[in-house]
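Asker: Below you'll find the structure I mean.
The values are calculated or read from the model by the stated rules, or taken from the named source; none is laboratory data. Since this is a predicted model, take the numbers as computed values, not measurements. Every residue, glycine as well, gets a Cβ built from its backbone with ideal geometry; the counts of neighbours run over all protein chains shown.
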Amino acid sequence: MAESSGPAQADLDKCVHCGLCLNACPTYRELGIEMDSPRGRIYQMNQVASGAPITDTYIRHLDLCLACRGCETACPSGVPYGRLIEDAREQIRSQEKPSWLTRLTRALVFQKLLPSRTSLQLAGTLLYLYQVSGLQRLVRFTGVLKLFGKLSNLEALTPNAEAPFFYSKIGKTFPALGERRYRVGFLAGCIANVAFARLNEATVRVLQRNGCEVVIPAAQNCCGALHLHSGLADQARALARNNIDVFLGEDFDALITNAAGCGSTLKEYDHLLHADPAYRDRALAFKEKMKDITEFLASIELNPEMGPVDAVATYQDSCHLAHGQKIRVAPRKLLKAIPGLRFREMPMADLCCGSAGIYNIVQSEMANQILQRKMEFVATTKASLIVTANPGCMLQLSAGARLYGSGQRVAHVVEVLDEAYKAYDAALSRETKKAIAS
Ligand code: SF4
Ligand code: SF4
């Protein structure tokens, strides 16, 4: 890996040390330690930029950052904190000498598993067998994985493998229901094809209901977000180039993702590839078309043929949607359009839930602390349904509902819309049967 020069001095210099970001930082709120605040982390990045060595302490403080970008929203000086932390992590990764085990794990996860549909499908099948065979119940009951430290956290947060996986839909085109108003390309994700297959299906259905022909190109791949958050920018760039080639190769009105974490990275391909003259402009064209599903649906005339969804619901902003993409109104607007749904805002809805990619696995103690706090905010609304806009947040909040909540149901905005459309169909079919019978 080529040595990275770290955060740009011009970005670092934007910080005027005012501290207005501190209250928006989950790790500072929990620990009250300056070095675990945005301002403190920027101070440390500045030290390294001035020639200080990269020490274990520096790495620890930066690793504890969720990269949630809550500080970026709060900052009045426009400090691009998301870019700073990514660049700083890339610099750390480029200089560290990881153990053979870390190298092997990274190679397996980031080079073999995430970019390969075949490997993910195989891993998903093994996970499915582990879960349906009763082995998972046995492992959890005996607590045997506690002997292996982080493996126990990983197992506790492992999503359900949702068979049949979404892979059979990749490479297909789904027609608009009624008049075709748009032609959109859908980015199906990587792990989502195994763990959120039903969410992906709901997304396609809701788009179809809203006059979209949905194309799911076969040659697309993982967006590279997890690579990037782990400081593996070269691998993220290779994945980005392929996605740009695939999606700009066809004529789409919009490119859609239902994962806010992926969307944030997809919309920043221009930064990722800014030093690549062959892709710089293409990355910008790609970014122009890239839309989160909630952003897209809220921007068009929404099909109002919805039946009631009877629930009290609250909405947890996904950091990568609220802070990364500045989208807050769209998901709320969609939820408020659903008949029967009573929407209640929770305090500090845009404070991170502790999910943050693989943060809840590698920094499980802090992630749990943050999650517990989040569930206290949820409880004030008395909601039975927690809605969010990112698969990672859904997993974390489901764990929160189980561990610290009252077993609330967790769903993506698009799944609640899908339920409303299904309720409409069910009511229509009841009416039709009644009319035939009378
Ligand atoms: S990205 Fe989130 S955790 Fe990191 S410094 Fe900013 S607010 Fe704190
Ligand atoms: S990051 Fe922004 S809000 Fe935080 S201390 Fe620096 S200038 Fe102030």
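Asker: Does any residue of segment 35-42 turn out to be more than 9 Å from ligand 2 (Cβ to nearest atom), assigned to a loop (DSSP other than H, G, I, E, B) and out of contact with any strand residue (DSSP E or B) (no Cβ under 7 Å at 6 or more places or on another chain)?
Answerer: Checking segment 35-42: not a single residue is more than 9 Å from ligand 2 (Cβ to nearest atom), assigned to a loop (DSSP other than H, G, I, E, B) and out of contact with any strand residue (DSSP E or B) (no Cβ under 7 Å at 6 or more places or on another chain).
Asker: If you check Tyr424 against the conditions, is it aromatic (Phe, Trp, Tyr) and buried (at least 23 other Cβ atoms within 10 Å of the Cβ)?
Answerer: So Tyr424 does not fit the description; no.
Asker: If Gln9 satisfies all but one of (1) of a type in the set (S, T, N, Q); (2) within 11 Å of ligand 2 (Cβ to nearest atom); (3) more than 29 Å from Asp317 (Cα to Cα), what's the number of the condition it fails?
Answerer: (2)
Asker: Any chance you could count how many residues in segment 332-341 are among the charged types (D, E, K, R) and either surrounded by fewer than 16 Cβ atoms within 10 Å (Cβ to Cβ) or part of a loop (DSSP other than H, G, I, E, B) (or both)?
Answerer: Going through segment 332-341 one residue at a time, the tally reaches 2.
Asker: Taking the conditions exactly as written (within 18 Å of Met366 (Cβ to Cβ) and outside the structural domain of Ala356 (by TED's automatic domain parsing)), does Arg29 satisfy them or not?
Answerer: Criteria met by Arg29.
Asker: Select from segment 50-109 the residues that are on the phi < 0 side of the Ramachandran plot, within 16 Å of ligand 1 (Cβ to nearest atom) and in a loop (DSSP other than H, G, I, E, B) and list them in ascending order.
Answerer: Matches in segment 50-109: Leu64, Cys65, Leu66, Cys68, Cys75, Pro76, Ser77, Val79, Pro80.
Asker: Does segment 6-28 contain any residue that is of a type in the set (Ser, Thr, Tyr) and within 16 Å of ligand 1 (Cβ to nearest atom)?
Answerer: The answer is yes; a qualifying residue exists.
Asker: A further question on this structure: Just to check your reading of the model, which residue among Gly6, Gly51, Gly32, Gly78 is in contact (Cβ under 8 Å) with a residue 24 or more places away in the chain and surrounded by fewer than 12 Cβ atoms within 10 Å (Cβ to Cβ)? Reasoning before the result, please.
Answerer: Numbers: Gly6 fails: surrounded by fewer than 12 Cβ atoms within 10 Å (Cβ to Cβ); Gly51 fails: in contact (Cβ under 8 Å) with a residue 24 or more places away in the chain; Gly32 fails: in contact (Cβ under 8 Å) with a residue 24 or more places away in the chain.
None of the others qualify; the one that does is Gly78.
Asker: Quick check on Leu66: is it within 14 Å of ligand 2 (Cβ to nearest atom), touching a residue at least 40 places away in the same chain (Cβ under 8 Å) and surrounded by 20 or more Cβ atoms within 10 Å (Cβ to Cβ)?
Answerer: no
Asker: How many of the residues in segment 176-210 are over 23 Å from Met394 (Cα atoms) and surrounded by 18 or more Cβ atoms within 10 Å (Cβ to Cβ)?
Answerer: First pass over segment 176-210, keeping only residues over 23 Å from Met394 (Cα atoms): 176-185, 208-210.
If we keep only those that are surrounded by 18 or more Cβ atoms within 10 Å (Cβ to Cβ) too, we end up with 176, 184-185, 208-210.
Number satisfying all stated conditions: 6.
Asker: Check Thr55, Thr105, Thr73, Thr27 and return the single one that is more than 25 Å from the chain's Cα centre (by Cα) and among the β-branched types (Val, Ile, Thr). Before the answer, list the steps.
Answerer: Working: Thr105 fails: more than 25 Å from the chain's Cα centre (by Cα); Thr73 fails: more than 25 Å from the chain's Cα centre (by Cα); Thr27 fails: more than 25 Å from the chain's Cα centre (by Cα).
After applying the criteria, what remains is Thr55.
Asker: Can you say whether Val329 is in contact with a helix residue (DSSP H, G or I) (Cβ under 9 Å, 6 or more places away or on another chain), farther than 28 Å from Leu297 by Cβ, surrounded by fewer than 19 Cβ atoms within 10 Å (Cβ to Cβ) and not assigned by TED's automatic domain parsing to the domain that holds Glu295, as far as the supplied structure shows?
Answerer: Judged against the criteria, Val329 is not a match.
Asker: Which condition does Tyr315 not pass, out of (1) hydroxyl-bearing (Ser, Thr, Tyr); (2) surrounded by fewer than 16 Cβ atoms within 10 Å (Cβ to Cβ); (3) under 20 Å from the mean Cα position of the chain (by Cα), if it passes all the others?
Answerer: Only one criterion in (1) hydroxyl-bearing (Ser, Thr, Tyr); (2) surrounded by fewer than 16 Cβ atoms within 10 Å (Cβ to Cβ); (3) under 20 Å from the mean Cα position of the chain (by Cα) is unmet by Tyr315, namely (2).
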